[in-house]
1. Of the conditions (1) under 19 Å from A:GLU34 (Cβ atoms); (2) part of a loop (DSSP other than H, G, I, E, B), A:CYS186 satisfies every one except a single condition; which number is it?
2. I need the full set of residues from region A:67-97 which are in contact with a helix residue (DSSP H, G or I) (Cβ under 7 Å, 6 or more places away or on another chain), open to solvent by less than 10 Å² (accessible area, probe 1.4 Å) and within 9 Å of chain B (Cβ to nearest Cβ), in order please.
3. Scan region A:141-173 for residues that are charged (D, E, K, R), surrounded by fewer than 21 Cβ atoms within 10 Å (Cβ to Cβ) and under 14 Å from the mean Cα position of the chain (by Cα) and jot them down.
4. Check whether at least one residue in region B:52-69 is open to solvent by 20 Å² or more (accessible area, probe 1.4 Å), in a strand (DSSP E or B) and farther than 26 Å from A:PHE85 by Cβ, and report yes or no.
5. Evaluate region B:94-112: report whether one residue or more is under 21 Å from A:PRO178 (Cβ atoms), out of contact with any His (no Cβ under 6 Å at 6 or more places or on another chain), among the charged types (D, E, K, R) and within 8 Å of chain A (Cβ to nearest Cβ).
6. Any idea which of B:VAL193, B:VAL106, B:VAL179 is touching a residue at least 60 places away in the same chain (Cβ under 8 Å), of a type in the set (Val, Ile, Thr) and part of a loop (DSSP other than H, G, I, E, B)?
7. Among the residues of region B:188-207, write down those that are touching a Ser or Thr at 6+ places or on another chain (Cβ under 9 Å) and of a type in the set (Ser, Thr, Tyr).
8. Among the residues of region A:200-217, is there at least one that is more than 22 Å from B:PHE82 (Cα to Cα) and either modelled with pLDDT under 95 or among the small types (Gly, Ala, Ser) (or both)?
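The values are calculated or read from the model by the stated rules, or taken from the named source; none is laboratory data. Just so it is clear, the structure is predicted and the values come from calculations on it, not from any experiment. Don't worry about glycine lacking a Cβ; one is built from the backbone with ideal geometry, like all the others, and counts go over all protein chains shown. The area values use the complete protein model at the heavy-atom level, side chains included, leaving out ligands, DNA and RNA. Shrake-Rupley method; radii C 1.70, N 1.55, O 1.52, S 1.80 Å.
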Amino acid sequence: MKKVYGSADEALDGLLSDGMLIAAGGFGLCGIPELLIDAIVKSGAKDLTVASNNAGVDGFGLGKLLDTRQIKKMMSSYVGENAEFMRQYLSGELELEFNPQGTLAERMRAGGCGIPGFYTKTGVGTVIAEGKDVKQFGGEDYIMEEGIFADLSIVKAWKADDTGNLIFRKTARNFNPPAAMCGKICVAEVEEIVPRGSLDPDHIHLPGIYVHRLIQGEHEKRIEQRTVRKREEA
Amino acid sequence: MPWDRNQMAARAADELEDGWYVNLGIGIPTLVANYVGDKDITLQSENGMLGMGPFPFEGDEDPDLINAGKQTITELSRTSYFDSAQSFGMIRGGKIAAAILGAMEVAENGDLANWMIPGKLVKGMGGAMDLVAGVGRVIVVMDHANKHGVSKVLKECTLPLTGKGVVDRIITNLGVLDVVEGGLKIVELADGVSEDELRAATEAKIVD
């Protein structure tokens, strides 16, 4: 079965619908599926719920989908690097479900592993626990969190082979593997697609079983906080 | 003289033991990395890295290599990378020996508030709730009072909690306090700070 598509538009063809739940990889602007986000903007799909650690910045990443009002709800751990996000949120146009970062990652991983719920200590005794089932294990309280089963996953990796085996680079891996795992369909964008056999099987970070469609493209890879030290400090 | 930011960071660094894997929060906790000396400490960045190095030299910034504060950083010879689920697996699983974090409020029962002020812009808890629930030791480094001079070391937190009963030790500009049965215990006074001054600046109950 052919997984490699010519463009982000082609790779998303037939997969998008209004009101769907999309899981997106990335942390801040690092390792985000920027080409697929652009294609979703073009598609006009609306009322989307997006599970993503962050919501991009104004005019870049998921911020583009906020600018066009295509997102109805975000499931995130940290937002607000984004004036348009805060405007929509404060005016009630945008729903926001805060998830502790590790809970969000585990909810995605669990969904991808067929686990509909799990218990965690994270958030016990806080607003996050409100309305959630509490169970004691070994005399300590844990709260139940539900796995995320997304309609579509969009992720970014560094390299892929044509069967969809993925390799990530440095901290751009972040939420991409769990996001990829939890979707019914996963579309990945990468910097380079190589023929099968070119990647060492021992070096694959995410097996191609999780990846259904694949594109190669140029990435802007914008830096959110450029911090450096001077050479003479060496 | 109460401790300044760097002295608080240096005091917090004394808490770390050789061989520990540690997560440092934003602000004063970040400065702790400057004071670990010869100890073999591996810093975790919860976006998926163990062995966090310093900021890159100008021109060497890599957009694929950032810390949890989204700042460009570098790797070390010991560095490893992993995904967010595994990263919080090691946090929740108690593999990270300690987290050093800033705080808005700490209570005498170890409650911690550092993510949300009702009515103000709420950006989210990020990984803070997972860290305080999971790591071996939670060490808070903060000023003893807020900018209005009101104690941040309280009987009860007034702000929404990040974690309940999670703090082990508090390091402020006035000294070091441990969360113990029944209240807080003074461990150490900052240079030139008297016990009376520390008690007067603390709303929480201090026990002997």
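1. (2)
2. If the condition is that a residue be in contact with a helix residue (DSSP H, G or I) (Cβ under 7 Å, 6 or more places away or on another chain), open to solvent by less than 10 Å² (accessible area, probe 1.4 Å) and within 9 Å of chain B (Cβ to nearest Cβ), then A:SER77, A:VAL79 are the ones that fit.
3. Selection gives A:ASP151 alone.
4. Yes - at least one qualifying residue is present in region B:52-69.
5. No.
6. On inspection, the qualifying residue turns out to be B:VAL193.
7. B:THR202
8. The answer is yes, given that some residue of region A:200-217 is more than 22 Å from B:PHE82 (Cα to Cα) and either modelled with pLDDT under 95 or among the small types (Gly, Ala, Ser) (or both).
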